[in-house]
Amino acid sequence: MQQLQLARVIKNQIFEGFVLVRAAEQRTSSNGGKFLDMTLCDLSGEYNAKVWDGTAQPPKPGSVIKIRAMMQEYNNHPQLRVDKMRAAEEKDQVDMAMLVPCAPQPADEMLEEINTRVDRMLDEDLQRVTRLRLKACGPRLMVYPAATKLHHAERSGLLHHTSTMLRMADAVCQIYPMLDADLLAAGVILHDLSKIEEIRADESGVAAEYTREGMLLGHIVMGVSALDKACDEAGVKGEKKLMLQHMLLAHHDLPEYGSPKPPMFPEAEALHLIDLLDARMFEMNRALEAVNPGAFTERIWSLERRLYRRAHPPVQADAEPEDNPVPEDKEDKRESE
């Protein structure tokens, strides 16, 4: 599906395509007439829109609609005058990546990767607990971001973050075989699941704000509480339950980042470092994509530094050099012989 980005629509040009509804309400004008006031967006930005048909009902925020509209101006700001609109249908096959930042893989593939790792667990206690927590997340897990602004603040970002960390965890366990691979994998899957209760996001996967529980408790405290209930339901007790709880408590490492305890055994330390690495690689990559090669970014406040984008790309693995090229003068000498 191809369509013009809203940012490229000029004044008096007609736009026809799909947009995401960020906000919509029916309002009353000064002359008593009804109209719709909406905020619509695609990946290029957000725009105010008006529907002057008083019978039109406001679409649900987070939903996708198809519109026909003219780009106008109001108080020197672009504004869409919508003539027609309808809800998007399954047959439209809307590419959400055109409307909001999205994870690079389909959500169902990432969830399958996570479930496959759970199926491979030899520790049945960890397997039961992990399955219970994943099931409790329900369909929201398919679209939820992992943050409101920072790392993996994208549609299906929580699955993206988790699946990437799982691959790193498996690699780390091959290098350090003394690690309990199932315990680390369980910690990876469980550590951020309560972000679904911490963050308020719409059905498009766009995060709006933190919930009341998220502000007062945070995903670490809520995660330990939910894990406690899941362990009781799964019959997991004693040291194993305690270690899982500690991994969730300690995965931010320092009190100023929300962790009341530092990692106190190897799997907890590995979880923290893998989490940190994945978060920083995401933030760095996103920041560097916005600057030209050979240039520096602005100061990234979450990283407390500026970043440099290398001027020349790395050599790709599939770009194989010629097999033992022979210098020209030696070729000539061999031919003369």
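Brief remarks follow.
- In this structure the amide hydrogen of SER44, modeled in the peptide plane, comes within under 5 Å of the amide hydrogens of LEU6, ALA7, none closer than 5 places in sequence on its chain.
- Candidate values (1) 0.95; (2) 1.09; (3) 1.13, label of the one derived for Rg/Rh (Cα atoms, Kirkwood Rh): (2)
- Charging the Cβ of each Asp and Glu at -1 and of each Lys and Arg at +1, and nothing else, the dipole of the chain about its Cα centre rounds to 1860 debye.
- The spacing between the stretch 64-130 and the stretch 170-221, judged by their C-alpha centroids, is 20 Å.
- The phi torsions of the stretch 152-159, fed into the Karplus equation with coefficients 6.51, -1.76 and 1.60 and a -60° offset, translate into couplings of 6, 7, 8, 4, 6, x, 5, 5 Hz, rounded to whole numbers, with Gly and Pro shown as x.
- Mean separation of Cα contacts under 8 Å (6+ apart) over length of the stretch 86-208, as relative contact order %: 30 percent
- Over 20 Å between alpha carbons, listed pairs LYS149/LYS261; LYS11/LYS149; LYS60/LYS149; LYS91/LYS195; LYS34/LYS60; LYS50/LYS84: LYS149/LYS261; LYS11/LYS149; LYS60/LYS149; LYS91/LYS195
- Three-way shape label, the stretch 12-105, alpha-carbon gyration tensor, a/c 1.5: prolate
- Kirkwood hydrodynamic radius computed over the stretch 207-272 comes to 12.6 Å, based on all pairs of distinct alpha carbons.
- Point-to-point label distance, THR211-LYS34, nm (Cα→Cβ direction, 7 Å offset): 3.3 nm
- Highest mean first, the peptides 59-72, 177-190 sorted by other C-beta atoms within 10 Å per residue fall in the order 177-190, 59-72.
- Protection proxy ranking, peptides 137-148, 256-267, average beta carbon neighbours within 10 Å, highest first: 137-148, 256-267
- The chain: calculated mean residue ellipticity at 222 nm from DSSP helix runs of at least 4, using -39500 (n - 2.57): -12000 deg cm²/dmol
- Residue among ALA181, MET215, SER156 farthest towards the positive dipole end of the chain, charges placed on Cβ: MET215
- For the chain, the relative contact order comes to 11 percent (Cα pairs under 8 Å, sequence separation of at least 6).
- Cα-based reach from LYS237 at 12 Å (exclusive), listing aspartates and glutamates while leaving out same-chain residues under 8 positions away: ASP125, ASP228
All of the numbers you see were taken from the coordinates with simple rules; none came from a lab. Since we're looking at a predicted model, the values are computed, not measured. Here the Cβ is made from the backbone with ideal geometry for all residues, glycine too, and neighbour counts use every protein chain on show.
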